[in-house]
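Colleague: Let me begin by handing over the structure; questions about it come next.
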Amino acid sequence: MSKKRALSGIKPTGFPHIGNYAGMLLPMLELSRDTKFDVNIFIADYHSLNDANARKNLGGLSLELAATLLALGFDPKGCTFYRQSDVPETFELTSFLTNFTPKGLMNRSHAYKAARESNRNLKKLIFGQDVSSITDFKILLETKGLSGSFSEKDIIGLIDLIEDADIGINMGLYNYPILMSADILLFDADVVPVGRDQRQHIEIARDIATSVNAFYGADVLKLPEGIISADTMEIPGIDGRKMSKSYGNQLPIFAEPAEVEKLVKRIKTDSKLPAEPKDEDNLLLKFHKAMATAEEHAAFRARFLPGGMGYGDAKKEVIAAHEAKFGKAREEYKRLMADPAYVNSVLAMGAQKARDIAVPVLKRVRKAAGFN
Ligand code: TRP
């Protein structure tokens, strides 16, 4: 029986956090130890290009991420471990796929919609009100004593600017789901383990592949299945909101013990006394579950939930679980970062293995399209 190919990627934007670990890294590590699967894991550096901050130091961030994944236990001999930009075929397939992607599908992409929404919120913040007509705007200028400073034409131009919810959104962000579809389809992936926030992207990849296949009347591209990990749904940030760099509420996997202690102490709790029973949806339970073994977690629950353990003591256990889970890997990470030549040699080997898979798939697409 031939093996199933599992594929997933992670963007180099800084240290992965516990949410990334539970959502994608752990499921992928488990698949990489399962002989029924061929695992492709990659550093999605092309995906970070749309982010002006990450773009400044992509080489460095990619190296750190490579060392992180190796330290966590991905075996570069047992799986295909590569950096996306070592497979430039990705960009050819992306361009090809754009022609089979309805623009409206991209308009509905969650990431793009969220960027527009944040532009709208920003504008409300700047103007202190919803400015949506020339009259609104003229009144606003008058109240600020600025009405003399702008011509009618200037005002129309400004209104256009204000109404443009796409300000600051580049085409890389807009086309992101097509790039991600290319990552997946270029490798004939059977399954794609991802966190819940990526579910829509997998659906888009399936939609695009279906359009290509329907157009050529052949199985040019393989339709992938998403594996959406249930656990990711349960790991918020330390303040209870979605774990996200922009909220500064992440718990990084390789944080130093002092930093972990500081962050865990900030995890939001209610004001229950030690003796009181605790709520099932307590954040400390979620963090503990993400890091401890199943047995350790069951024991912790049994002591924590009925009452008798205070939040201070529970936090100590969360801190210990973090160290037990990631302490050794963090030290291995430091060792790898001191040997970039080794990490680069692993990436070079991965690039070769990845292209051995991707090049024939792209050939198949080119042939279907009538390119020779
Ligand atoms: N978009 C994913 C994320 O932000 C990363 C990613 C890029 C990915 N390409 C992929 C995941 C292909 C799975 C398959 O987390």
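The values are calculated or read from the model by the stated rules, or taken from the named source; none is laboratory data. The model shown is predicted, which means the values in this text are computed figures rather than measured ones. FYI the Cβ positions are ideal-geometry reconstructions off the backbone, even for glycines, and counts take in every protein chain you see.
Colleague: Could you run through the range 298-345 and say how many residues are in contact with a Ser or Thr (Cβ under 7 Å, 6 or more places away or on another chain) and within 17 Å of L61 (Cα to Cα)?
Modeller: So the answer is 1.
Colleague: A follow-up question, please. Suppose we filter the range 173-203 for residues that are closer than 25 Å to I235 by Cα and more than 15 Å from the chain's Cα centre (by Cα); how many remain?
Modeller: Matching residues across the range 173-203 total 2.
Colleague: Residues to consider are F187, F254; find the one that is more than 16 Å from the ligand (Cβ to nearest atom) and either touching a helix residue (DSSP H, G or I) at 6+ places or on another chain (Cβ under 9 Å) or modelled with pLDDT of 95 or more (or both).
Modeller: F254
Colleague: Say we look at the range 6-40 and pick out the residues that are among the β-branched types (V, I, T) and buried (at least 21 other Cβ atoms within 10 Å of the Cβ); which of these is farthest from the ligand (Cβ to nearest atom)?
Modeller: I18
Colleague: Another one. If I filter the range 45-64 for residues that are buried (at least 21 other Cβ atoms within 10 Å of the Cβ), among the hydrophobic types (A, V, I, L, M, F, W, C) and within 13 Å of the ligand (Cβ to nearest atom), do I get at least one hit?
Modeller: No, the range 45-64 contains no residue that is buried (at least 21 other Cβ atoms within 10 Å of the Cβ), among the hydrophobic types (A, V, I, L, M, F, W, C) and within 13 Å of the ligand (Cβ to nearest atom).
Colleague: Test A209 against the stated conditions and say whether it is away from the ligand (no atom under 13 Å from the Cβ) and on the phi < 0 side of the Ramachandran plot.
Modeller: Yes, satisfied.
Colleague: Could you run through the range 314-334 and say how many residues are touching a residue at least 24 places away in the same chain (Cβ under 8 Å), farther than 14 Å from P252 by Cα and among the charged types (D, E, K, R)?
Modeller: 3
Colleague: Next question. Across the range 194-203, which residue is farthest from the ligand (Cβ to nearest atom) among those that are crowded, with 21+ Cβ neighbours inside 10 Å and modelled with pLDDT of 95 or more?
Modeller: My answer is I202.
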